[in-house]
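Below is one structure; the comments refer to it alone.
The values are calculated or read from the model by the stated rules, or taken from the named source; none is laboratory data. Since this is a predicted model, take the numbers as computed values, not measurements. Note: ideal-geometry Cβ built from the backbone for every residue, glycine included; neighbour counts use all protein chains shown. Calculation scope for accessible area: heavy atoms of the full protein, side chains included, ligands and nucleic acids excluded. Shrake-Rupley method; radii C 1.70, N 1.55, O 1.52, S 1.80 Å.
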Amino acid sequence: MKILVLNGSPKVKSDTFRMTDAFLKGLNRDGTHEVHIIHVREQQIAPCRGCFGCWQQGDGHCVIDDGQNAILDLYRSADVIIWSFPLYCYGMPSPLKAVLDRTIPLVKMRMVQQPDGMVRHEPLVDFSRIHTLVICGCGFPHWEGNFDSLKLMCRTCFGNPDMVCVPEAPLLNVPEAAVVADPLLKRFEAAGAEYAERLTLSPETVTALETPMIPAAEYIRNVNGV
Ligand SMILES: Cc1cc2nc3c(=O)[nH]c(=O)nc-3n(C[C@H](O)[C@H](O)[C@H](O)COP(=O)(O)O)c2cc1C
């Protein structure tokens with residue numbers, strides 16, 4: 001399988017990418033998959049100009065001459081795409097959002113109304129064969145609603161992807177928290193192996209990955225240094 005990983009954390013030492021890295025270890029444990037990791041922070045992808053030059057051109061590429069066209073080529077040929085990023089203001093970090101915005105060359109201007117009433121652009125690519133997984137870490141402890149806007153956007157853009165949304169992600173880079181972080185990383189590795197078999201994650205696995213490492217009150221006390 002061809003696996004494209006889009007690491008959207010602006011940090012070199014990403015909390016979220018620690019989970020993604022463990023997941024990839026399990027996913028590619030037999031070493032048979034072709035894994036391309038794009039660290040978006042290294043790419044300087046320009047924001048979309050909104051010119052629709054891509055649709056006039058119609059060849060599945062963007063008119064801006066930067067690294068995005070190589071990403072689009074990988075996107076088109078991928079069997080699995082993993083979006084790995086921290087939650088920023090209830091969405092994705094802006095450099096990664098620029099990558100997402102600039103995937104519009106993969107659809108045509110022509111609009112099609114779906115049986116459920118939703119309107120989409122006609123695809124240039126068979127998106128139904130691409131399996132999408134979103135791994136998102138965030139800084140808050142678990143509270144109802146923190147990931148709602150992100151989940152809605154991902155469901156609409158990617159068509160019901162598998163999603164793993166992890167609270168308390170900064171603990172993954174705190175050495176004193178290894179006692180709770182390492183078991184979570186092991187669960188990510190096992191989840192990667194599960195994904196290799198089934199190309200999806202069971203609800204039980206997602207729940208196990210999203211379970212807070214420590215109680216919210218303890219996490220808040222640690223963050224506040226009291
Ligand atoms: C600009 C900015 C916005 C953030 N917005 C949120 C947010 O909306 N909700 C949240 O829980 N954490 C938020 N965080 C915290 C990050 O998601 C958290 O620190 C995460 O662990 C960073 O992951 P990374 O190391 O993979 O980049 C934000 C952090 C920054 C810098």
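Mind pulling the angle between the C-alpha long axis of helix 68-77 and the longest principal axis of the chain? Nearest 10 degrees, somewhere in 0 to 90.
90
Carbon and sulfur atoms: what percent of the 1.4 Å accessible area of the range 45-195 do they account for?
That share works out to 59 percent.
Once the piece of chain linking MET153 and HIS33 is laid out straight, how much longer is it, given 0.36 nm per residue of separation minus the C-alpha distance between them?
40.3 nm
Over what distance in Å are the Cα centres of the range 1-74 and the range 156-185 separated?
20
Note the angle between two axes, namely the Cα long axis of helix 148-158 and the longest principal axis of the Cα atoms of the chain, as a number of degrees from 0 to 90, rounded to the nearest 10.
40
For the chain, what mean projected area does the convex hull of the alpha carbons give, in nm²?
13.3
If you count only protein heavy atoms with a 1.4 Å probe, what accessible area per residue comes out for the chain, rounded to a whole Å²?
In whole numbers, the chain has 51 Å² accessible per residue.
Using only protein heavy atoms and a 1.4 Å probe, report how much of CYS89 is accessible, in Å² to the nearest 10.
Per-residue accessible area (CYS89): approximately 130 Å².
Would you check the accessible area of THR205, probe 1.4 Å, heavy atoms only, in square angstrom rounded to 10?
20
Given the rule -39500 (n - 2.57) for each run of at least 4 DSSP H residues, summed and divided by the residues of the chain, what is its mean residue ellipticity at 222 nm, to the nearest 500 deg cm²/dmol?
Value at 222 nm, helices only, nearest 500: -11500 deg cm²/dmol.
Stretched out fully, how many nm does the piece from ARG129 to ASN173 gain, at 0.36 nm a residue minus the Cα gap?
12.3 nm
Where Lys and Arg each count +1 and Asp and Glu each count -1, what net charge lies around THR205 among other residues with Cβ under 14 Å from its Cβ?
With Lys, Arg at +1 and Asp, Glu at -1, the neighbours total -3.
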